[in-house]
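The values are calculated or read from the model by the stated rules, or taken from the named source; none is laboratory data. This is a predicted model, so every value here is computed, not measured. A quick note on method: Cβ atoms are made from the backbone with ideal geometry, for glycine too, and the neighbour counts reach across all protein chains shown. Heads up: the accessible areas ignore ligands, DNA and RNA and are worked out on the full protein's heavy atoms, side chains in. Shrake-Rupley method; radii C 1.70, N 1.55, O 1.52, S 1.80 Å.
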Amino acid sequence: SFSDAIRKSVSASFLITLPIAAAAFILAENGISFLYERGNFTAELAHATAMSLRMLALAMPAYGLIELFSRVCYSAGKVRYPMLAALCGISAGILSSSLFLLTDMLTVSTVSLSCTIGEITAAAVLCALTVRTFPEIMCGASLRRTAGMAVSFVISALTMYFSRVICEKIWQNPLPLQNLVIITIVFLMGLVVYLLCIGICKAADFSARE
């Protein structure tokens with residue numbers, strides 16, 4: 001039952017973080033422009049900030065897994081696992097930042113990318129250690145559910161991307177209020193498609209089990 005609770009928690013984490021990560025990545029520039037592009041905060045600064053946000057958005061699902069699996073490990077008495085994963089993540093972040101520094105590519109966005117690399121590394125290590133402790137969480141139904149979410153995420157992200165392209169053809173150089181309209185339309189379109197795909201995948205999985 002504990003392994004079943006872990007599987008459900010992982011599914012819930014992905015269900016929430018995947019569409020938000022896709023929206024943050026695709027709508028980063030619109031969101032930053034809506035919130036900050038005024039006065040001395042120029043369009044160039046908005047673009048640089050949006051690039052940094054895009055890099056950080058890639059780490060959202062990994063961050064959710066870290067929060068979940070850390071609590072799982074603590075409850076199972078494996079208190080060293082989260083520390084080991086954190087050390088691996090910190091090492092990966094320092095290594096990638098050093099590489100960017102040595103190649104004269106260290107910018108705000110690449111610093112954010114290094115943070116993302118660290119988060120993903122820590123999540124991967126912690127996931128591997130958790131599966132080692134609870135191998136039964138990797139059942140066939142769990143893998144099918146994860147694959148369905150991945151497909152739903154890709155379709156939703158493509159929907160958001162093309163919706164944004166269409167909106168920006170309608171509103172070229174959008175004003176703040178127009179950016180808010182674009183954000184609302186694109187996110188709702190992607191969310192509806194995402195939930196529809198999730199529903200279809202669940203129905204297909206239920207039919208397969210019967």
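Observations
- Residues that are assigned to a helix (DSSP H, G or I) and not hydrophobic (A, V, I, L, M, F, W, C) were ranked within region 166-197; the one that is most open to solvent (accessible area, probe 1.4 Å) is 169.
- If you go through region 35-52 and keep only what is in a helix (DSSP H, G or I) and open to solvent by 60 Å² or more (accessible area, probe 1.4 Å), you end up with 35, 36, 44, 45, 47, 51.
- For residue 121, the requirement of being farther than 29 Å from residue 183 by Cα, polar (S, T, N, Q) and either touching a helix residue (DSSP H, G or I) at 6+ places or on another chain (Cβ under 7 Å) or in a helix (DSSP H, G or I) (or both) is met.
- Extreme residue, farthest from residue 200 (Cα to Cα), among residues of region 130-155 that are in contact with a Cys (Cβ under 7 Å, 6 or more places away or on another chain) and open to solvent by less than 40 Å² (accessible area, probe 1.4 Å): 130
- Taking region 72-106 as the range and being open to solvent by 70 Å² or more (accessible area, probe 1.4 Å) and part of a loop (DSSP other than H, G, I, E, B) as the test, the residues that pass are 78, 79, 103, 104, 105, 106.
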